[in-house]
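Visitor: Dropping a structure here in structure tokens format, bear with me for questions.
Bear in mind these aren't lab numbers, they're just calculated from the coordinates by the rules spelled out. For clarity, every value in this text was computed on a predicted model and none was experimentally measured. Every residue, glycine among them, receives a Cβ derived from its backbone with ideal geometry; neighbour counts consider all protein chains shown.
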Amino acid sequence: MKVLLVNGSPHKEGCTYTALAEVAGALQKHGIETNIFHIGNKPVRGCIACGRCEELERCVFDDDVCNELIRKILDADGVVIGSPVYYSGPNGALCALLDRVFYSSSHKFAHKPAAAVVSCRRGGATAAFDRLNKYFTISQMPVVSSQYWNMVHGFTPEDVRKDLEGLQIMRTLGNNMAWMLKSLHEGKQAPPEREPWIMTNFIR
């Protein structure tokens, strides 16, 4: 079993990475393979709602990491998405990627355990955390919890390593993700049959 941890920060080994590394360490103690994927700091496109992904089964734009990220999520048994907090929200580049990733492929992610992690200096963490979780809850992905909201505090990685409660939250999250993955694997049953989508528009 393996878990993909997505570092949605432009900084490869900053505060978000420090939090994700703590989650990864806990997963590894349970024999779970981990991969921390950095989205980088190059420009990314936003979704233009062209609908071509329905035909192509990938995003029509292939000049950034979007389709690579889709492949990595599909290859993993579970996913943890981490982001710094900018103006009480996740990194805009990460959101642009996730809009395309989930618009094109969320139907393939159903029943894959997922969790969000956020890192902030002081405030805005719960709003950013809520935004990331919405990608999972619209996609029938079981959300893995911890003992508190999945956040760490600090302006630098050294600060984050002093946030002892935050680090414990990350370890608990890793332990809970490992438990859920093993429970699903050992008691594997077919997922519930999906009803045809009923889409209601409120303007007639």
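Visitor: Extension gain Lys162-Ala110, at 0.36 nm per residue separation less the Cα-Cα distance, in nm?
Guide: Numbers: separation 52, 0.36 × 52 = 18.72 nm, distance 3.61 nm.
Full-extension gain reported as 15.1 nm.
Visitor: Still on this structure, please answer the following. Given the C-alpha centroids of the stretch 43-101 and the stretch 132-204, what is the distance between them in whole angstrom?
Guide: 17 Å
Visitor: If R₀ is 22 angstrom, what is the calculated FRET efficiency for the pair Lys2 and Arg194, using the beta carbon separation as r and rounding to 0.05?
Guide: Numbers: r = 25 Å, r/R0 = 1.14.
Rounded to the nearest 0.05, the efficiency is 0.30.
Visitor: If amide H atoms are built 1.01 Å from N in the plane of the peptide, which residues on other chains or at least 5 residues away come under 5 Å of the amide H of Ile36?
Guide: Leu5
Visitor: Oh, and also: Please list, short to long, the whole-number percent of alpha-carbon pairs of the stretch 2-186 in consecutive 10 angstrom bins beginning at zero.
Guide: Binned Cα distances yield the sequence 10, 40, 36, 12, 1.
Visitor: Also, I was wondering about something else. Answer with one residue from Phe129, Tyr103, Val79: the one whose Cα lies farthest towards the positive end of the charge dipole of the stretch 1-145, charges on Cβ with Lys, Arg +1 and Asp, Glu -1.
Guide: Of the listed residues, the answer is Phe129.
Visitor: Same structure, new question: From the helices alone, meaning DSSP H stretches of at least four residues, give me the mean residue ellipticity at 222 nm for the chain, per-run term -39500 (n - 2.57), in deg cm²/dmol to the nearest 500.
Guide: On the way: 7 runs with 90 residues, N = 204.
The per-residue figure over the chain is -14000 deg cm²/dmol.
Visitor: Next question, about the same structure. What percent antiparallel are the DSSP beta bridges of the stretch 69-166, to the nearest 5?
Guide: Details: 2 of 12 bridges.
Within the stretch 69-166, antiparallel bridges account for around 15 percent of the total.
Visitor: Based on the Cβ-Cβ distance of Ser183 and Glu55, what FRET efficiency does E = 1/(1 + (r/R0)^6) give at R0 = 41 Å, to the nearest 0.05? Mind dumping the intermediate values first?
Guide: Numbers: r = 37 Å, r/R0 = 0.90.
My answer for the efficiency is 0.65.
Visitor: Can you list the GluC sites (Glu not before Pro) in the stretch 1-92 that are in a DSSP coil and have 13 or fewer other beta carbons within 10 angstrom?
Guide: Working: sites: Glu13, Glu22, Glu33, Glu54, Glu55, Glu57, Glu68; in loops: Glu13, Glu57.
Sparse-neighbourhood loop GluC sites (Glu not before Pro): Glu13, Glu57.
Visitor: Just name one of Pro192, Cys15, Met180: the one whose Cα is farthest towards the positive end of the charge dipole of the chain (beta-carbon charges, Lys/Arg +1, Asp/Glu -1).
Guide: Farthest towards the positive end: Cys15.
Visitor: Under a crude label model (7 Å from the Cα following the beta-carbon direction), how far is Asn35 from Tyr103 in nanometres?
Guide: Result for the modelled spin labels: 2.5 nm.
Visitor: Can you give me the relative contact order of the stretch 2-186 as a percent, contacts being Cα pairs under 8 Å and 6 or more apart?
Guide: Details: 360 pairs, mean separation 48.7, N = 185.
Relative contact order, the stretch 2-186: 26 percent.
Visitor: Using 0.36 nm times the number of residues separating Thr126 and Asn201, minus their current alpha carbon distance, what extension gain do you get?
Guide: Details: separation 75, 0.36 × 75 = 27.00 nm, distance 3.00 nm.
Gain on extension, Thr126 to Asn201, equals 24.0 nm.
Visitor: Among the listed pairs Lys12/Lys112; Lys12/Lys134; Lys112/Lys162, which are separated by more than 30 Å between their Cα atoms? Please report the intermediate quantities before stating the final value.
Guide: Details: Lys12/Lys112 25 Å; Lys12/Lys134 25 Å; Lys112/Lys162 32 Å.
Distance filter (> 30 Å) returns Lys112/Lys162.
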